[in-house]
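Asks: Just passing along the structure, written as C-alpha coordinates.
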Amino acid sequence: MRILFVALIVIAALAVTVRALESRFAFFPTVGESVTPEHFGVPYEMASLTTVDGVSLRGWSLPHPSPRALIVYFHGNGGNLSVWAPILVGINRQGYAVRAFDYRGYGASAGRPSERGLYRDVDAALEWAWRAGGQQMPVVYWGRSLGTTMAAYAATRRSPDGLILESGFPDARALLRASPPLAFLGLFSSYRFPTAGWLDDVRSPVLVMHGDNDRVIPFGAGRALFDKIKGRKQFVAIKGGNHNDAAPPDPEAYWGAVNAFIASLARM
(Lines give C-alpha, C1' and ligand atoms only; values in the text may rest on other atoms or scores of the structure.)
Protein backbone atom coordinates (compact mmCIF):
# COMPACT_ATOMS: atom_id res chain seq x y z
CA MET A 1 0.00 0.00 0.00
CA ARG A 2 2.82 2.37 0.82
CA ILE A 3 4.47 1.70 -2.57
CA LEU A 4 1.15 2.28 -4.32
CA PHE A 5 0.64 5.51 -2.43
CA VAL A 6 4.10 6.77 -3.38
CA ALA A 7 3.53 5.77 -7.01
CA LEU A 8 0.29 7.71 -7.12
CA ILE A 9 2.00 10.77 -5.70
CA VAL A 10 4.77 10.52 -8.31
CA ILE A 11 2.24 10.13 -11.12
CA ALA A 12 0.23 13.11 -9.86
CA ALA A 13 3.39 15.21 -9.62
CA LEU A 14 4.40 14.24 -13.15
CA ALA A 15 0.98 15.15 -14.50
CA VAL A 16 1.01 18.54 -12.80
CA THR A 17 4.57 19.27 -13.95
CA VAL A 18 4.03 18.19 -17.54
CA ARG A 19 0.83 20.21 -17.87
CA ALA A 20 2.46 23.25 -16.35
CA LEU A 21 5.30 23.10 -18.87
CA GLU A 22 3.63 21.65 -21.97
CA SER A 23 2.94 24.99 -23.63
CA ARG A 24 6.63 25.89 -23.41
CA PHE A 25 7.53 22.80 -25.40
CA ALA A 26 4.68 23.11 -27.92
CA PHE A 27 4.79 26.80 -28.84
CA PHE A 28 7.68 29.08 -29.79
CA PRO A 29 6.10 32.44 -30.56
CA THR A 30 7.90 35.59 -31.62
CA VAL A 31 6.23 38.72 -30.26
CA GLY A 32 5.77 41.85 -32.34
CA GLU A 33 5.61 42.56 -36.04
CA SER A 34 8.54 43.75 -38.14
CA VAL A 35 8.60 42.44 -41.70
CA THR A 36 5.36 42.68 -43.69
CA PRO A 37 4.44 41.79 -47.29
CA GLU A 38 5.17 45.40 -48.23
CA HIS A 39 8.86 44.68 -47.64
CA PHE A 40 8.61 42.35 -50.64
CA GLY A 41 6.65 44.82 -52.73
CA VAL A 42 3.33 43.06 -52.15
CA PRO A 43 0.32 45.08 -50.93
CA TYR A 44 -1.64 43.76 -47.98
CA GLU A 45 -4.37 44.74 -45.56
CA MET A 46 -4.14 44.39 -41.81
CA ALA A 47 -7.10 43.00 -39.87
CA SER A 48 -8.10 42.62 -36.23
CA LEU A 49 -10.01 39.47 -35.27
CA THR A 50 -11.72 38.69 -31.98
CA THR A 51 -12.20 35.17 -30.65
CA VAL A 52 -15.21 33.92 -28.71
CA ASP A 53 -13.21 34.26 -25.49
CA GLY A 54 -12.34 37.88 -26.26
CA VAL A 55 -8.74 37.52 -27.49
CA SER A 56 -7.62 39.99 -30.16
CA LEU A 57 -5.70 38.49 -33.10
CA ARG A 58 -3.74 40.03 -35.96
CA GLY A 59 -4.60 38.99 -39.50
CA TRP A 60 -3.13 39.76 -42.91
CA SER A 61 -5.00 39.76 -46.21
CA LEU A 62 -2.91 39.59 -49.38
CA PRO A 63 -5.26 40.31 -52.29
CA HIS A 64 -4.67 39.34 -55.91
CA PRO A 65 -6.23 41.06 -58.94
CA SER A 66 -7.25 37.74 -60.56
CA PRO A 67 -7.06 35.07 -57.86
CA ARG A 68 -7.17 31.41 -58.82
CA ALA A 69 -8.22 30.52 -55.27
CA LEU A 70 -8.37 31.87 -51.75
CA ILE A 71 -5.73 30.33 -49.49
CA VAL A 72 -6.43 30.38 -45.76
CA TYR A 73 -2.99 29.76 -44.28
CA PHE A 74 -2.23 28.23 -40.87
CA HIS A 75 1.42 28.64 -39.94
CA GLY A 76 3.51 26.46 -37.65
CA ASN A 77 4.34 26.71 -33.97
CA GLY A 78 7.35 29.01 -34.33
CA GLY A 79 7.78 32.68 -35.21
CA ASN A 80 4.95 34.97 -36.27
CA LEU A 81 3.47 36.44 -39.42
CA SER A 82 6.65 38.43 -40.04
CA VAL A 83 8.73 35.24 -40.00
CA TRP A 84 6.25 33.56 -42.34
CA ALA A 85 5.94 36.60 -44.63
CA PRO A 86 8.26 35.24 -47.39
CA ILE A 87 6.14 32.08 -47.62
CA LEU A 88 2.85 34.01 -47.74
CA VAL A 89 4.26 36.32 -50.41
CA GLY A 90 5.44 33.30 -52.41
CA ILE A 91 1.91 31.84 -52.39
CA ASN A 92 0.40 35.18 -53.39
CA ARG A 93 2.80 35.50 -56.33
CA GLN A 94 1.55 32.19 -57.67
CA GLY A 95 -1.80 33.84 -58.30
CA TYR A 96 -3.67 33.31 -55.04
CA ALA A 97 -5.41 35.58 -52.58
CA VAL A 98 -4.10 34.78 -49.10
CA ARG A 99 -5.50 35.24 -45.62
CA ALA A 100 -3.28 34.40 -42.67
CA PHE A 101 -3.27 35.21 -38.97
CA ASP A 102 -1.17 34.94 -35.85
CA TYR A 103 -2.33 32.62 -33.08
CA ARG A 104 -2.79 34.05 -29.59
CA GLY A 105 0.55 35.01 -28.07
CA TYR A 106 2.22 35.29 -31.50
CA GLY A 107 3.20 38.51 -33.24
CA ALA A 108 0.72 41.29 -32.49
CA SER A 109 -1.95 38.90 -31.21
CA ALA A 110 -2.88 39.03 -27.53
CA GLY A 111 -3.17 36.15 -25.08
CA ARG A 112 -1.16 33.01 -24.40
CA PRO A 113 -1.13 29.95 -26.65
CA SER A 114 -2.70 26.62 -25.75
CA GLU A 115 -4.15 23.84 -27.86
CA ARG A 116 -7.72 24.73 -26.92
CA GLY A 117 -7.00 28.42 -27.43
CA LEU A 118 -5.63 27.84 -30.93
CA TYR A 119 -8.83 26.10 -31.97
CA ARG A 120 -10.76 29.19 -30.89
CA ASP A 121 -8.36 31.28 -32.94
CA VAL A 122 -9.07 29.11 -35.97
CA ASP A 123 -12.81 29.62 -35.51
CA ALA A 124 -12.33 33.39 -35.57
CA ALA A 125 -10.03 33.18 -38.59
CA LEU A 126 -12.55 31.15 -40.57
CA GLU A 127 -15.32 33.66 -39.94
CA TRP A 128 -13.00 36.42 -41.18
CA ALA A 129 -11.62 34.48 -44.14
CA TRP A 130 -14.95 33.38 -45.55
CA ARG A 131 -16.13 36.97 -45.59
CA ALA A 132 -13.40 37.53 -48.20
CA GLY A 133 -14.97 35.27 -50.76
CA GLY A 134 -15.40 31.66 -51.64
CA GLN A 135 -18.42 32.32 -53.82
CA GLN A 136 -16.36 33.01 -56.96
CA MET A 137 -13.26 30.86 -56.37
CA PRO A 138 -12.11 27.71 -54.59
CA VAL A 139 -11.20 28.05 -50.92
CA VAL A 140 -8.18 26.04 -49.80
CA TYR A 141 -6.95 25.57 -46.23
CA TRP A 142 -3.15 25.26 -46.19
CA GLY A 143 -1.42 24.22 -42.98
CA ARG A 144 2.26 23.70 -42.35
CA SER A 145 3.80 21.79 -39.44
CA LEU A 146 1.54 22.39 -36.40
CA GLY A 147 -0.65 24.34 -38.78
CA THR A 148 -1.69 21.04 -40.39
CA THR A 149 -3.61 20.24 -37.20
CA MET A 150 -5.26 23.64 -37.32
CA ALA A 151 -6.16 23.26 -41.00
CA ALA A 152 -7.61 19.81 -40.35
CA TYR A 153 -9.67 21.17 -37.45
CA ALA A 154 -10.81 24.07 -39.64
CA ALA A 155 -12.12 21.59 -42.21
CA THR A 156 -14.43 20.13 -39.56
CA ARG A 157 -15.87 23.58 -38.88
CA ARG A 158 -16.43 24.71 -42.46
CA SER A 159 -15.61 22.51 -45.39
CA PRO A 160 -13.07 23.90 -47.87
CA ASP A 161 -12.78 22.94 -51.52
CA GLY A 162 -9.38 21.44 -50.74
CA LEU A 163 -6.73 20.96 -48.06
CA ILE A 164 -2.95 21.23 -48.33
CA LEU A 165 -1.08 19.67 -45.39
CA GLU A 166 2.66 20.35 -45.48
CA SER A 167 5.25 18.88 -43.11
CA GLY A 168 2.58 17.46 -40.83
CA PHE A 169 2.01 14.49 -38.53
CA PRO A 170 -0.88 12.22 -37.44
CA ASP A 171 -0.89 13.38 -33.80
CA ALA A 172 1.46 14.61 -31.09
CA ARG A 173 2.21 11.16 -29.71
CA ALA A 174 3.41 9.99 -33.11
CA LEU A 175 6.27 12.48 -32.77
CA LEU A 176 7.25 11.21 -29.32
CA ARG A 177 7.38 7.47 -29.99
CA ALA A 178 10.99 7.58 -31.16
CA SER A 179 12.02 8.70 -27.66
CA PRO A 180 10.74 6.41 -24.87
CA PRO A 181 11.24 9.05 -22.12
CA LEU A 182 9.28 11.66 -24.08
CA ALA A 183 6.64 9.11 -25.02
CA PHE A 184 6.21 8.31 -21.33
CA LEU A 185 5.93 11.96 -20.33
CA GLY A 186 3.49 12.48 -23.20
CA LEU A 187 1.03 10.22 -21.40
CA PHE A 188 0.54 13.02 -18.87
CA SER A 189 0.11 15.84 -21.38
CA SER A 190 -3.29 17.33 -22.17
CA TYR A 191 -2.12 18.23 -25.68
CA ARG A 192 -3.11 15.85 -28.50
CA PHE A 193 -3.02 17.80 -31.80
CA PRO A 194 -4.89 14.96 -33.55
CA THR A 195 -4.45 15.95 -37.19
CA ALA A 196 -5.53 12.56 -38.54
CA GLY A 197 -8.41 12.36 -36.08
CA TRP A 198 -9.85 15.68 -37.23
CA LEU A 199 -9.78 14.38 -40.80
CA ASP A 200 -11.88 11.29 -40.10
CA ASP A 201 -15.09 12.90 -41.33
CA VAL A 202 -13.57 15.40 -43.77
CA ARG A 203 -14.29 14.64 -47.41
CA SER A 204 -12.44 17.51 -49.07
CA PRO A 205 -9.57 16.46 -51.36
CA VAL A 206 -6.21 16.56 -49.58
CA LEU A 207 -2.70 17.21 -50.86
CA VAL A 208 -0.05 16.02 -48.38
CA MET A 209 3.50 17.32 -48.93
CA HIS A 210 6.60 16.50 -46.93
CA GLY A 211 10.30 17.16 -47.37
CA ASP A 212 12.42 14.02 -47.59
CA ASN A 213 15.16 15.86 -45.68
CA ASP A 214 12.92 17.13 -42.86
CA ARG A 215 15.00 17.18 -39.67
CA VAL A 216 12.18 18.28 -37.34
CA ILE A 217 9.17 16.15 -38.29
CA PRO A 218 10.34 12.92 -39.93
CA PHE A 219 9.30 12.13 -43.48
CA GLY A 220 7.66 8.98 -42.14
CA ALA A 221 5.29 11.06 -40.03
CA GLY A 222 4.00 12.74 -43.16
CA ARG A 223 3.49 9.37 -44.82
CA ALA A 224 1.70 8.09 -41.71
CA LEU A 225 -0.64 11.07 -41.83
CA PHE A 226 -1.34 10.43 -45.50
CA ASP A 227 -2.07 6.74 -44.87
CA LYS A 228 -4.73 7.63 -42.28
CA ILE A 229 -6.68 9.93 -44.60
CA LYS A 230 -9.76 8.16 -45.91
CA GLY A 231 -10.90 10.36 -48.77
CA ARG A 232 -9.42 11.60 -52.02
CA LYS A 233 -5.75 12.30 -51.45
CA GLN A 234 -2.36 12.81 -53.05
CA PHE A 235 1.16 12.61 -51.59
CA VAL A 236 4.09 14.65 -52.88
CA ALA A 237 7.64 14.22 -51.59
CA ILE A 238 9.55 17.50 -51.61
CA LYS A 239 12.97 16.43 -52.84
CA GLY A 240 15.65 17.83 -50.53
CA GLY A 241 13.05 19.75 -48.53
CA ASN A 242 13.80 20.57 -44.90
CA HIS A 243 11.29 21.62 -42.27
CA ASN A 244 11.99 25.34 -42.10
CA ASP A 245 12.64 26.08 -45.76
CA ALA A 246 11.34 29.52 -46.70
CA ALA A 247 11.50 28.49 -50.36
CA PRO A 248 11.33 24.99 -51.85
CA PRO A 249 14.59 23.50 -53.16
CA ASP A 250 12.85 22.63 -56.44
CA PRO A 251 10.33 25.44 -57.05
CA GLU A 252 9.15 24.05 -60.38
CA ALA A 253 8.17 20.66 -58.94
CA TYR A 254 6.76 22.15 -55.73
CA TRP A 255 4.56 24.78 -57.33
CA GLY A 256 3.66 22.44 -60.16
CA ALA A 257 2.12 20.04 -57.62
CA VAL A 258 0.34 22.81 -55.71
CA ASN A 259 -1.03 24.53 -58.79
CA ALA A 260 -2.19 21.28 -60.39
CA PHE A 261 -3.99 20.27 -57.20
CA ILE A 262 -5.80 23.59 -56.88
CA ALA A 263 -6.64 23.62 -60.61
CA SER A 264 -8.28 20.22 -60.16
CA LEU A 265 -10.55 21.72 -57.48
CA ALA A 266 -11.78 24.39 -59.85
CA ARG A 267 -12.88 21.67 -62.28
CA MET A 268 -14.91 19.75 -59.67
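The values are calculated or read from the model by the stated rules, or taken from the named source; none is laboratory data. Since the model is a prediction, treat every value here as computed from it, not as a measurement. Quick reminder, even Gly has a Cβ in these numbers, built from the backbone with ideal geometry, and neighbours come from all protein chains shown. For accessibility, only protein heavy atoms count, side chains too; no ligands or nucleic acids. Shrake-Rupley method; radii C 1.70, N 1.55, O 1.52, S 1.80 Å.
Asks: Would you mind calculating the gained length between SER56 and ALA237 on full extension (0.36 nm times residue separation, minus the Cα-Cα distance), in nm to one decimal?
Replies: Full extension from SER56 to ALA237 adds 61.5 nm.
Asks: Here's another thing I want to ask about it. Take each of the peptides 56-68, 35-47, average the number of other beta-carbon atoms within 10 Å over its residues, and list them starting from the highest.
Replies: Working: 56-68: 17.8, 35-47: 14.6.
Packing proxy ranking, top to bottom: 56-68, 35-47.
Asks: Using a Gaussian network for the chain with springs between C-alpha atoms less than 10 Å apart, which of these wobbles most: ALA246, ALA100, ALA152?
Replies: Ranking ALA246, ALA100, ALA152 by mean-square fluctuation puts ALA246 first.
Asks: Hey, another quick one. Counting only protein heavy atoms and using a 1.4 Å probe, what share of the accessible area of the chain belongs to carbon plus sulfur, as a whole percent?
Replies: On the way: 7180 of 12650 Å².
That share works out to 57 percent.
Asks: Could I ask something else about it? ARG2 to ASP200: FRET efficiency via 1/(1 + (r/R0)^6), r the Cβ-Cβ distance, R0 45 Å, to the nearest 0.05?
Replies: Numbers: r = 45 Å, r/R0 = 0.99.
Rounded to the nearest 0.05, the efficiency is 0.50.
Asks: Might you tell me the accessible area per residue for the chain, computed with a 1.4 Å probe and given in Å²? List each step's numbers first, then the result.
Replies: Numbers: 12650 Å² over 268 residues.
With the other protein chains kept in place, the chain gives 47 Å² per residue.
Asks: Output wanted: per-residue J couplings in Hz (rounded whole) for the stretch 87-99, from phi through Karplus 6.51 cos²θ - 1.76 cosθ + 1.60, θ = phi - 60°, x for Gly and Pro.
Replies: Once θ is set to phi - 60°, the couplings for the stretch 87-99 become 6, 5, 5, x, 5, 4, 6, 7, x, 10, 6, 10, 10 Hz.
Asks: Shifting gears a bit: Above 36 Å lies some portion of the pair distances; for the chain, what is it as a whole percent of all C-alpha pairs?
Replies: Within the chain, distances greater than 36 Å cover 13 percent of Cα pairs.
Asks: Full-extension gain between VAL35 and SER23, please, as 0.36 nm times their residue separation minus the C-alpha to C-alpha distance. Don't skip to the answer; put the middle values down first.
Replies: Details: separation 12, 0.36 × 12 = 4.32 nm, distance 2.58 nm.
Once the chain is fully extended between VAL35 and SER23, it gains 1.7 nm.
Asks: Ordered by residue, what ³J(HN,Hα) values in Hz, to whole numbers, does the stretch 55-64 give under the Karplus form 6.51 cos²θ - 1.76 cosθ + 1.60, where θ = phi - 60° and Gly and Pro are x?
Replies: 8, 8, 10, 9, x, 10, 10, 10, x, 9
Asks: Classify the stretch 184-247 from the C-alpha gyration tensor, please: rounded if a/c falls under 1.5, else prolate or oblate depending on whether a/b exceeds b/c. Write out the running numbers ahead of the final one.
Replies: Values: a/c = 2.37, a/b = 1.09, b/c = 2.17.
Verdict is oblate for the stretch 184-247.
Asks: Continuing with this model, one more query. Over 16 Å apart: what share of the alpha carbon pairs of the stretch 68-169 falls there, rounded to a whole percent? Spell out each step's value before the answer.
Replies: Numbers: 2702 of 5151 pairs.
Tail fraction, whole percent: 52.
Asks: Rank-order 194-203, 73-82 by packing density, defined as the average count of other C-beta atoms within 10 Å over each peptide's residues, highest first. Don't jump to the answer; show the numbers that get you there.
Replies: On the way: 194-203: 18.7, 73-82: 22.6.
So the peptides 194-203, 73-82, ranked by packing, come out 73-82, 194-203.
Asks: Oh, and also: So between ARG112 and GLN136, what do we pick up on full extension, going 0.36 nm a residue minus the alpha carbon distance? Kindly include the intermediate steps, with their values, before the conclusion.
Replies: Working: separation 24, 0.36 × 24 = 8.64 nm, distance 3.59 nm.
That pair, ARG112 and GLN136, stretches by 5.0 nm at full extension.
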